[in-house]
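Accompanying notes for the structure given below.
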Amino acid sequence: MYSKVMRKIALAGSVGLIGGLMLVCSQVVSAEGAVNPADYSSMRETVSEVKLPDIPQPDWLKQQLAAEAAAAAAAHRAANTMTVTYDVMTKGAVYASLSEFKLLANQTLNDPRGWSRMNVKFVEVASGGRFTLVLAEASQLPTFSSGCSSDYSCRAGRYVIINQDRWMGATPSWNAAGGSIRDYRHMVVNHETGHWLGHDHQSCGGAGQFAPVMQQQSMDLQGCKFNPWPLTSELTSSQLGI
């Protein structure tokens, strides 16, 4: 029905357009069939003055076009998504739930608020990932690198190491400022993975602002607000060439 109505309206508009063009053409072409180039200007003026009817799109068509555009955008993102694999291991005496650790770590890495905004998908594999996510007993942290402390989490080479004590209880400064354990877990996974992605530590950008995820929020918020997720300005990776 809609297409029939459209054709009728278009036909009505076309009748006027054709009539105008025929009139101008009769003036441009002489009785002998010769064309006077000077008269083309009147044809152009007539055509430019013709206005087609403004027909609003029905709601169903707007919805269909929006759905098609969203599907096309999703397909484009999927075709251009970079997959980054990682494996998981433990080190030392680990009493925390490994299954819970794996689940929350994967949710964190692929959360739409996180590093996945770089169009990256993190996939856990049994072995041979691009980096290894480790849940480690606190005393085992220094065995990965002399730069790692048993007090905090750390990154050493391909190892992204989460300190079990911090995973289970966050830090005194975080807790004193009212931070939640779930947000701390999001933050520490994003922070240490951020080091693997190629980021160094950052500082608070100003009192009251959200902290960069690469700020050492475990130690001091420096006047910033808790923030478990990378800022837009942090969405780069020298490791991935992004």
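Hey, which aspartates and glutamates would be in cross-link range of Lys62, C-alpha to C-alpha under 16 Å, not counting anything within fewer than 8 residues on its own chain? Cross-link targets: Asp54.
Rounded to 0.05, the FRET efficiency of the Asn119 and Ser233 pair, given R0 = 22 Å and the Cβ-Cβ distance, is 0.85. Of the residues Met118, Met89, the one with the fewest other Cβ atoms within 10 Å heads the list, and the complete ranking is Met89, Met118. Counted over the range 110-242, the DSSP beta bridges are approximately 30% antiparallel.
Based on the Kirkwood radius over alpha-carbon pairs, what is the Stokes-Einstein translational diffusion coefficient of the range 81-143 at 20 °C with 1.002 mPa s viscosity, in µm²/s? Walk me through the numbers on the way to the answer.
On the way: Rh = 12.6 Å.
My calculation gives 170 µm²/s for D.
Each reported figure results from applying straightforward, stated rules to the coordinates on display, with no laboratory input. On a predicted model such as this, the values are computed, not experimentally measured, just so you know. Because the Cβ atoms are built from the backbone with ideal geometry, glycine has one as well, and the counts that use them run over all protein chains shown.
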